[in-house]
């Protein structure tokens, strides 16, 4: 993660360029992921999301972890880690005692990301292209992402974790710094990623320029507030979700998968559906 200190981005385009510099080319992926993947991940698997409680996402993550424990660690001690911005008391009922926890301060989302200050700056207020406000926000998000990346990267390295499973943080942007942190860490550390997407920012949202006359506002229209800030939105689209060489995308329905493939040019071989409510 020390490599990140050498970069000094001044705007969204600079950050976008950094991502392209560190992204692993397709040819660097193993020829047969299926042969090497299971052995490597036996060293450690980590889940990461905004926070843990008794909500639907947390419950699903617990079921994912149980499935992986039964499959990957059937005859060994499970090396399963839960990473998040907060762990509420209710999470004790779904996170097993043998699963490890790591609180990544500053990674909670929405209103719990510094009382929604940065969230509102990005998605509820104007941020014109090439403005001082836009550049200052880019530098702030980079600063936060580097801080998160250093701490997350250190934890993953210390625990020999080779598979990271972000859940709903790389599709639904509750914390842009965390959304940037995940590609930075996984590309620099050359990790496998099983990216679980429950819902996307574009479901129920679109820019004003694409709305039909008299069309009602959508619940996620605010994510397109700064659609005309082209440098920002180009960068934003690349993050949600990141199309990494070692990334697998799992969605909860085929419509989501089809859009990733048809509109955003994801490789169909790396896009799957994994419905919610895995049975116990």
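Give the calculated FRET efficiency between residue 272 and residue 208 to the nearest 0.05, with a Förster radius of 41 Å applied to their Cβ-Cβ distance. So, using R0 = 41 Å, E works out to roughly 0.75.
Against the chain, whose longest principal axis is taken from its Cα atoms, helix 230-239 shows a tilt of about 10°. Rounded to the nearest 0.05, the FRET efficiency derived from the C-beta distance between residue 101 and residue 17 at R0 = 41 Å is 0.70.
Listed peptides 165-173, 187-195 appear in the order 165-173, 187-195 once ranked by packing, highest mean of other Cβ atoms within 10 Å at the front. Comparing 115, 253, 226 in a Gaussian network model of the chain, where Cα atoms under 10 Å apart are tied by springs, the biggest mean-square fluctuation is seen for 115.
Summarising the strand pairing of the range 5-142, around 0 percent of its internal DSSP beta bridges are antiparallel.
With a ≥ b ≥ c the root eigenvalues of the C-alpha gyration tensor of the range 156-270, is it rounded (a/c under 1.5), prolate (a/b larger than b/c) or oblate? The shape class here is prolate.
Rg/Rh for the range 99-145 (Cα atoms only, Rh after Kirkwood) is 1.09. For the range 192-249, the convex hull spanned by the alpha carbon atoms encloses 85 Å³ per residue.
Which option, (1) 65, 44, 34; (2) 57, 45, 40; (3) 53, 45, 43, is the value of Cα extents along the principal axes in Å that was calculated from these coordinates? The value matching this structure is (2). Entry for the range 162-225 at q = 0.12, 0.13 Å⁻¹: log10 I(q)/I(0) = -0.41, -0.46, Debye formula applied to identical alpha-carbon scatterers, no solvent contribution.
Taking the C-alpha atoms only, the angle from helix 12-22 to the longest principal axis of the chain is near 30 degrees. Between helix 176-189 and the chain there is an angle of about 50 degrees, using the helix long axis and the longest principal axis of the Cα atoms. For the range 114-218, the square roots a ≥ b ≥ c of the C-alpha gyration tensor eigenvalues yield an a/c of 1.5 or more together with a/b not exceeding b/c, which makes the shape oblate.
Taking a ≥ b ≥ c as the square roots of the eigenvalues of the Cα gyration tensor of the range 30-134, is the shape rounded (a/c under 1.5), prolate (a/b larger than b/c) or oblate? Because a/c hits 1.5 or more and a/b fails to exceed b/c, the range 30-134 counts as oblate. As a length-normalised measure over Cα pairs under 8 Å and 6 or more apart, the relative contact order of the range 123-280 settles at 24 percent. Here the relative contact order of the chain, from alpha carbon pairs under 8 Å that lie six or more residues apart, stands at 22 percent.
If you take the beta carbon distance between residue 132 and residue 259 as r and set R0 to 35 Å, what does 1/(1 + (r/R0)^6) give as a FRET efficiency, to the nearest 0.05? That gives a FRET efficiency of 0.50. Using just the helices of the chain, give the 222 nm mean residue ellipticity in deg cm²/dmol: DSSP H runs with n ≥ 4 each add -39,500 (n - 2.57), and the total is spread over all residues, rounded to 500. Calculated at 222 nm, the ellipticity per residue is -12000 deg cm²/dmol.
The numbers here are math on the coordinates, done by the rules we state, and not lab data. Bear in mind that the values here come from a model prediction, so they are computed numbers and not experimental data. Heads up, the Cβs are rebuilt from the backbone with ideal geometry, glycines too, and the neighbour counts pull from every protein chain shown.
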